[in-house]
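The next block holds one structure in the form of structure tokens; read it before the comments.
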Amino acid sequence: MRLSKILLAMAVTTSLVTTALAFSAGSAAAGGRITDAKRVVFIVPGQQLYNSGETHQATYRTLDEALSAAGYETHFVDAPGKMIAADAELIADSIRSYAAGADSVGVIAHSAGGLSSRYYAKFLGGSEVVDSFVAIGAPQYGSPGGCVQGPADGYDTCMFSEVLAKLNAGEDTPGSAYYSVVQSSGEWADGRLDGGQCRVYVDGVPGAGTGADHLTELEHPEVISGAISALGRDCVGTFVDENDGDITWPDTLFPSFR
């Protein structure tokens with residue numbers, strides 16, 4: 001009698017395990033999430049979207065919602081986007097505060113935020129903390145617009161600023177992080193970096209070539225899906241590895257600004 005009960009219990013257990021495995025397989029096939037992995041993404045805004053210590057998060061709402069739907073925990077970094085090194089410290093502080101215990105850490109940075117994020121990666125150890133850096137509309141080699149701003153108002157983004165010269169000296173993509181540019185093909189600066197970089201340029205973004213796409217790209221489905229793929233180190237564009245010194249700032253600008 002005891003043996004028959006043991007055999008019955010074993011049969012029930014086997015049936016439950018088989019059912020659970022089948023259910024998990026079905027959920028995966030249907031696109032269901034079957035993992036509790038903590039994936040954290042930090043959104044770093046551009047300077048024109050920062051005011052009085054608060055980011056205008058509404059501009060990034062579509063991106064934020066898409067990241068949440070993809071299973072990411074999102075946080076905004078309140079960086080003004082004017083002084084690259086100081087903003088990099090804010091990024092580092094935010095990541096230290098919210099990334100503990102994460103299985104993956106990503107950064108999606110827009111406009112000037114892409115420069116401070118890369119400063120964090122290169123000089124503050126971020127390249128060994130963050131798995132993936134995605135830049136959208138970041139003038140990585142400088143913006144003519146930054147040159148008309150004062151020292152405290154965004155001059156750091158000028159191609160002739162000392163901090164940008166320091167940032168672009170040597171390899172642009174250090175460490176084990178994955179670097180990407182995902183943006184409108186009509187942006188004023190193409191966001192290229194030397195070293196390994198995924199490049200995704202999306203045609204048909206409203207306002208391309210006029211500067212308006214600098215904001216509309218943040219809501220464009222292909223830009224958003226490309227950015228999410230890049231976070232997972234999956235390049236839906238072209239992965240390029242350029243040598244240090246192959247990129248100069250005039251080459252990165254939209255033709256009308258050269």
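The values are calculated or read from the model by the stated rules, or taken from the named source; none is laboratory data. None of the values given here were measured: they were computed from a predicted structure. Because the Cβ atoms are built from the backbone with ideal geometry, glycine has one as well, and the counts that use them run over all protein chains shown. Quick note on the areas: whole protein, heavy atoms, side chains included, nothing else; ligands and nucleic acids left out. Shrake-Rupley method; radii C 1.70, N 1.55, O 1.52, S 1.80 Å.
Per-structure values
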read-out: Test: residue in segment 245-258 that is in a loop (DSSP other than H, G, I, E, B) and touching a helix residue (DSSP H, G or I) at 6+ places or on another chain (Cβ under 9 Å); value: yes
read-out: Tabulated pairs, segment 240-251, first on the phi > 0 side of the Ramachandran plot, second at pLDDT below 90, C-beta under 9 angstrom, 6+ apart or interchain; value: none
read-out: Residue, nearest to LYS122 (Cα to Cα), within segment 139-154, restricted to residues that are in contact (Cβ under 8 Å) with a residue 40 or more places away in the chain and in contact with a Gly (Cβ under 6 Å, 6 or more places away or on another chain); value: GLN140
read-out: Odd one out for SER161 among (1) under 22 Å from LYS82 (Cα atoms); (2) open to solvent by 10 Å² or more (accessible area, probe 1.4 Å); (3) of a type in the set (S, T, N, Q); value: (2)
read-out: Members of segment 144-166 that are more than 17 Å from ASP251 (Cβ to Cβ) and assigned to a loop (DSSP other than H, G, I, E, B); value: GLN149, GLY150, PRO151, ALA152, ASP153, GLY154, SER161
read-out: Only one of SER117, SER143 that is open to solvent by less than 50 Å² (accessible area, probe 1.4 Å), under 15 Å from GLY46 (Cα atoms) and at pLDDT below 95; value: SER143
read-out: Condition broken by PHE133, with the remaining ones in (1) hydrophobic (A, V, I, L, M, F, W, C); (2) under 21 Å from GLU171 (Cβ atoms); (3) open to solvent by 60 Å² or more (accessible area, probe 1.4 Å) satisfied; value: (3)
read-out: Test result for TYR98, at pLDDT 90 or above, touching a strand residue (DSSP E or B) at 6+ places or on another chain (Cβ under 6 Å) and open to solvent by 80 Å² or more (accessible area, probe 1.4 Å); value: yes
read-out: Of residues in segment 62-83 being open to solvent by 10 Å² or more (accessible area, probe 1.4 Å) and of a type in the set (A, V, I, L, M), the one farthest from GLU217 (Cα to Cα); value: MET83
read-out: In segment 167-196, residue least open to solvent (accessible area, probe 1.4 Å) [restricted to those that are aromatic (Phe, Trp, Tyr) and within 17 Å of the chain's Cα centre (by Cα)]; value: TYR179
read-out: Residues of segment 197-215 classified as under 25 Å from ARG233 (Cα atoms), surrounded by fewer than 20 Cβ atoms within 10 Å (Cβ to Cβ) and more than 15 Å from the chain's Cα centre (by Cα), total; value: 3
read-out: Residue within segment 221-235 that is more than 21 Å from the chain's Cα centre (by Cα) and either surrounded by 15 or more Cβ atoms within 10 Å (Cβ to Cβ) or in contact (Cβ under 8 Å) with a residue 12 or more places away in the chain (or both) present; value: no
